[in-house]
Structures are given as C-alpha cells and as structure tokens.
Amino acid sequence: MKFPSSLRAVMNVDNDALADHRNAIIMHLSAIGSVVMLSYALWHLTYSRWPLVGLNAVVAGLLLNNAYALRRARRPLLPFWVLASAMTVAVCASTYLQGVPGMLWAFPMLFMCYFGLPRRLATLLGGALMVASSGVAGMSVGPDLGMRLFVSLCFVMVMINVVLNVIGGLQQALVAQTITDPLTGAYNRRHFQAQLDRWVDRDGVGSVVAEPQGPEAGDNALFAIDIDHFKRINDRHGHDVGDEVLRKVVAVVAARKRAGDQLFRVGGEEFLLLLPGLPEQAALNVAEELRQRLARTELLPGEEVTVSIGVSMLGAGQSVQQWVKRADIALYDAKRSGRNRVSLAPVQQA
C-alpha cells in the first residue's frame, strides 16, 4: 500500500511550481530548440535526407515563431501543447526512420514537456511519448531496445517529478515566509494588501471580485481587533508573556473563523479579520461571539484579557482605504466607549 501512495505523491500534478515562469521557459526553449532543429535540418540536407530535412525545418520555424511571439508579449501562432504533440510524433517518426539516433530525442522531448506545459498535461503527453516511442523502437530496432527505452523514460519521468516536487515545496515554503507573521502564524500586512487587491477593484470602486471559492455577490465584513491594555501586559509580565497572549488570541480566532475567512496581524496587538459573504447582522453576531469567547478564555493566568472589535461593511462606491479606515474608526469608538465591546462603523463615516 505504501508504494502506490508514494507514487501518487511523486506524480502530484497539482504541484505546478513552474506555472508563473512558463512563458519565459517556453520562449527560451523555443529559441534554443529552433537553432538545434535548424542545424539538424542542414546536416540532413548534406545527406539528401529530404523527409528529415523538411521535418526539422518545419519544427524549427514553428519554434522560432513561438520564441519571437513570446518575446513581443504576443500570443504564439500555435500553443505549445500543439507543438509538443507534433514533436512527439516527430520523435516517433525519427525513431522509426533512424532507429537508435531517433530514440535519443525522446529524452529532451520529455524535459520539454514538463518545463513547457502544465504538469498534468505534461504527464499525459509524457506518458504517451514513453509508450509510443518505445513501441516504435521495438518495431524498428527490436523489442529488447524498445523495453530499455521504456524503462529509461519511465525512470527519467519519475526523477523529473521528484525534482519538481522539491522545487514546489521550496517555493511554497518561501511564499509562506513572505505572507505569514512568524510570531503568531497569522497572515501579515503584506498579504492583507494582496488579498484586498484581489477582492476589490483597483480603480477605487468597492465592488467584490467574484472568485471560484468565494461568493459571487453579497456583503463583506472587516473586523479590526485590538487587545485591550496590551502595553500593560508587556510592562507587568514581560514581552515573552505578551507574545504568548498574542498566540493564544490567534488560536481562539482561528478556531472560530470559517474556512474562507482570513486573519492578519497588522500591528503589535492589532489584527484584521476579513470575512467574505457575511451580512451586517451576522457580522455583528460573529464579532460579539468572538469578543465573549476571548473574554472567557484564560489568555493570561490570573488576569482577564479582553479585546475591542470594530466592524466595517464593504459598501458600494467605497475604496479599499475607506473600508479599512472605517474599521479603524469603529475600533477607536469601541475603545472610547470603555473597551471590551463591539462597534459598527456607520456608512456616513466613510
């Protein structure tokens, strides 16, 4: 049972670490590939191998067109998956016509698939290349070499996926470091701004951007949460105790929030909680429940630790800055009213 699980982990097609850099990779692969294929076309020309001359020249031209289009930030004449499919057929044809020299093209072709195509599609096309080229090799040079080619390509495919998994894991770790507060595990201010840019139009209009995992329409709430008298906690008990209080607050909020809600630490003891698709009354109920839950939790042994919460609803025509400012205004109102309470920012405060 462990081997199939390990194989599935290795062939994790959803871990596509190269996705953001694929156009640059395709551009360079196409440029280099066009030079190589053109060189082989000229070499075959000296031996009057006209089918191979034509095949290499056509592939070189298509690759060169792709490289030029991507260099100019234009759409290529043919998508790379079409070229990769055509080159897979060309590898099989070369194997049939040339035998062992043609077989050697299967290995760089496999790398081109994984570097130039989405990982799921690369796995499908790579598998087709492995089966087809091995079958053709079995017919042209014998079943023994055909089987050797199949095993070799299979091994190379597995190793490519292992390396891509490592790259993907490192990439995810680096991303997590850039968006996460190291003390509490909540998201940081940088990630908060990035999420607002995704949720709200950059032209200043407060319309929600529909996302696959989010609501298509509806109300959206923002909580500004501040720990009451946090400076007093640090002064009396030290920063180590204060840090532990921060971690416990984040743990309590994380246990209450929904899967799509996001918690951000934006200051020393100040947090923002983004709650998509939550109407005003429901937002107030959640904020009050959260306030009471934190007040009941023993965040600091022997002392009561409370929070003040400002609630801001995203309204039509609001900018990102107005939405956040209204949450801050509501938070200050809660503190001026005696702390340990929830305050809603009226629309006219924008």
List the helices (runs of 4 or more DSSP H) that sit entirely inside region 99-151 and contain at least 2 residues that are under 14 Å from Asn161 (Cβ atoms) and not basic (Lys, Arg).
-> 106-116, 119-140
Of the residues Leu278, Leu273, Leu294, which single one is touching a Leu at 6+ places or on another chain (Cβ under 9 Å), in contact (Cβ under 8 Å) with a residue 24 or more places away in the chain and not hydroxyl-bearing (Ser, Thr, Tyr)?
-> Leu273
(1) surrounded by fewer than 18 Cβ atoms within 10 Å (Cβ to Cβ); (2) closer than 16 Å to Gly146 by Cβ: which one isn't true of Ala106, the others all being true?
-> (1)
If you check Leu64 against the conditions, is it in the same structural domain as Ser34 (by TED's automatic domain parsing) and either free of Cβ contacts under 8 Å to residues at least 40 places away in the same chain or in contact with a His (Cβ under 7 Å, 6 or more places away or on another chain) (or both)?
-> yes
Only one of (1) surrounded by 15 or more Cβ atoms within 10 Å (Cβ to Cβ); (2) in a helix (DSSP H, G or I) is not met by Asp235, so which one is it?
-> (1)
Quick one: would you say Gly260 is in the same structural domain as Asp197 (by TED's automatic domain parsing), closer than 21 Å to Asp228 by Cβ, under 29 Å from the mean Cα position of the chain (by Cα) and assigned to a loop (DSSP other than H, G, I, E, B)?
-> no
Restricting region 271-316 to residues that are out of contact with any Asp or Glu (no Cβ under 9 Å at 6 or more places or on another chain) and either in a strand (DSSP E or B) or outside the structural domain of Val241 (by TED's automatic domain parsing) (or both), the one surrounded by the fewest Cβ atoms within 10 Å (Cβ to Cβ) turns out to be Glu303
With (1) part of a helix (DSSP H, G or I); (2) within 26 Å of Ala17 (Cβ to Cβ); (3) in contact (Cβ under 8 Å) with a residue 12 or more places away in the chain as the list, and Val163 as the residue in question, which single condition is left unmet?
-> (3)
Given the conditions (1) at pLDDT below 90; (2) small (Gly, Ala, Ser); (3) farther than 21 Å from Met130 by Cα, which single one is not true for Ser34?
-> (1)
Restricting the first residue to region 329-343 and requiring it to be free of Cβ contacts under 8 Å to residues at least 40 places away in the same chain and closer than 10 Å to Ile309 by Cβ, which pairs with a second residue that is charged (D, E, K, R) and in a helix (DSSP H, G or I) meet a Cβ separation below 8 Å and a spacing of at least six or different chains?
-> Ser343/Asp333
Can you find even one residue in region 166-180 that is among the hydroxyl-bearing types (Ser, Thr, Tyr), outside any helix (DSSP H, G or I) and within 30 Å of Leu222 (Cβ to Cβ)?
-> yes
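The values are calculated or read from the model by the stated rules, or taken from the named source; none is laboratory data. Predicted model, so just to flag it, every value in this text is computed and none were measured. As a convention, Cβ positions derive from the backbone with ideal geometry for all residues, glycine included, and neighbour counts pool all protein chains shown.
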